[in-house]
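Have a look at the structure below, then the notes.
The values are calculated or read from the model by the stated rules, or taken from the named source; none is laboratory data. The shown structure was predicted, so the numbers you read here are calculated from the model rather than taken from an experiment. All Cβ positions, even for glycine, are placed from backbone atoms using ideal geometry, and neighbour counts span all protein chains on display. The accessibility values were calculated without ligands, DNA or RNA, using every heavy atom of the protein model including side chains. Shrake-Rupley method; radii C 1.70, N 1.55, O 1.52, S 1.80 Å.
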Amino acid sequence: QEGLPGNVSFYYSLPRLMVSGKLSYMDESGTNRTIDVAGQGWVDRQWGDFKTNSWEWGSFRFDNGARVNLYSFENEHKVMTYQKPDGSVQWFNNFTVRQNGYAKAPNGQWVSFGWSYDFPTNVEGSKHYTVIPFSKNDWICVSRSSCFFEGAGQLINDATSKEVGSSIHESMDIRILKNGPYNVNQD
């Protein structure tokens, strides 16, 4: 379900794929660099007749192999999948996400940027986690009126203040999600 009842999509993913390749980038001095990379990755595909236009999405990758995927939609519908290192899975819809800050997209719209989560159960040693994004430059603009943030960040266990993994986050227009300061979905 993506939002209101009957608003559904289908999602297929292949997680934990072994991937390798080369990563090219420009370093801080302006020099082009290429490095070999290897690790785990995933491929996914989503399809269906769904009318949901905006969401916040997070994918936690714990260093011990556990995974958490979270969706928070503009109509307050939430869903969380917790996959333990042994592969067993639990689902929840009663987590809290707090927007810790905001960033301005190239087109001028605002999105949440930096998040804290409270879970209804212990997830890999804590009920409380914070995500600190690595960069404010991870924008995807699909039109002049629609940009969203999608980028990686540090996953911090709030109980220990230790980094316990990484996260990928996607955040969209706070006016549609109603999660801006003092709005109904700003926990």
(request) Report yes if some residue within the range 108-119 is in contact with a strand residue (DSSP E or B) (Cβ under 8 Å, 6 or more places away or on another chain), free of Cβ contacts under 8 Å to residues at least 40 places away in the same chain and farther than 18 Å from E76 by Cα; otherwise report no. (result) yes
(request) Give the residue that is nearest to P133 (Cα to Cα), with candidates limited to residues of the range 10-62 that are small (G, A, S) and not in a strand (DSSP E or B). (result) S54
(request) Test each condition in (1) in contact (Cβ under 8 Å) with a residue 24 or more places away in the chain; (2) over 19 Å from F62 (Cα atoms); (3) more than 15 Å from the chain's Cα centre (by Cα) for F92 and report the one that comes out false. (result) (2)
(request) Kindly state which strands (runs of 3 or more DSSP E) lie completely within the range 86-187 and contain at least 1 residues that are touching a helix residue (DSSP H, G or I) at 6+ places or on another chain (Cβ under 6 Å) and open to solvent by 50 Å² or more (accessible area, probe 1.4 Å). (result) 110-112
(message) Could you tell me how many of the residues in the range 70-113 are of a type outside the set (F, W, Y), closer than 13 Å to M172 by Cβ and at pLDDT 90 or above?
(response) 7
